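Worksheet: the structure to be examined is printed underneath.
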Amino acid sequence: MFPAADLPESIPVFPLPGALLLPRAKLPLHIFEPRYLAMLDDTMKTTHRLIGMVQPYETPDGDNHRLHRIGCAGRLTAFSETEDGRYLVTLTGISRFRIRQELDGFTPYRRCEVDWDGFGRDLGATEHDEGFDRDGFFDLLGRYFEEESLKTDWDALKEADDELLINSLAMLCPFEPEDKQALLEAPSLTTRRETLVTLIEFALRGGYGDEMMQ
């Protein structure tokens, strides 16, 4: 368990559309851009080894410089370097944060002053979803995976505990970046599951395509 006292006041942030990290979950990343290679080198020198994953806002003109206010910090827990200088890393989710302000500096990557208040449950024990109708959920999930032509290890999914199941699906399902942000900001595991069900049901009804045709 990561001590709250060790959470830093500022962290490097990695804006990556559609990439969702949640507390206690693992996110593999393939790093090759020079600015993010520098970010990893600098992160390895810190005691906390935290990197903030955050969704950029995507505007119609393609400008994605503006960041969502809430992201999730992950601790660098696996690291390997390829022969051509790329990094294969894994971040383990520690806690969500709220961006106070972006910091000016000399680093080629972005850094933010962050606030950890309000996300105390992220540093606690594994969450459980009381009243979770797993049979009904798997029926819905099966229809969604068939509709989207997705494959999975159903035996492993059914054996997963509530948090691992819900958070893994939230991270892996091909939702829009703004939908991923809604999953991130869900205050509890139960509300995240409810949001996930809503998104799956929306996709099965035709999703954004139906809305655009109306």
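Just so you know, all these numbers are worked out from the coordinates, no wet-lab data involved. These numbers were taken from a predicted model, which means no experiment stands behind them.
Details
- A straight line joining the Cα centroids of the stretch 6-44 and the stretch 109-141 runs 19 Å.
- Across F119, F175, F32, mean-square fluctuation computed from a Gaussian network of the chain (C-alpha pairs under 10 Å connected) peaks at F32.
- Taking each residue as 0.36 nm, the span from A19 to L157 lengthens on full extension beyond its C-alpha to C-alpha distance by 47.6 nm.
- Helix-only mean residue ellipticity at 222 nm for the chain, each DSSP H run of n ≥ 4 adding -39500 (n - 2.57), per residue, nearest 500: -10500 deg cm²/dmol
- Derived from the Cα gyration tensor, the three semi-axes of the equivalent ellipsoid of the stretch 118-214 are 23, 18, 11 Å, largest first.
- Compared with the alpha-carbon gap, the fully stretched path from L150 to L172 is longer by 6.9 nm at 0.36 nm per residue.
- For the chain, share of DSSP beta bridges that run antiparallel, in % to the nearest 5: 90 percent
- The spread of Cα positions in the chain, taken along each principal axis and listed from longest to shortest, comes to 50, 42, 39 Å.
- GNM flexibility winner over the chain from T198, T90, T59 (Cα, springs under 10 Å): T59
- Residue among Q181, Q55, Q101 with the largest mean-square fluctuation in a Gaussian network model of the chain, springs linking Cα atoms under 10 Å: Q101
- Using alpha carbons only: equivalent-ellipsoid semi-axes of the stretch 86-149, gyration tensor based, whole Å: 36, 20, 12
- Once the mean of 1/r is taken over each pair of separate Cα atoms and inverted, the stretch 1-110 shows a Kirkwood hydrodynamic radius of 14.5 Å.
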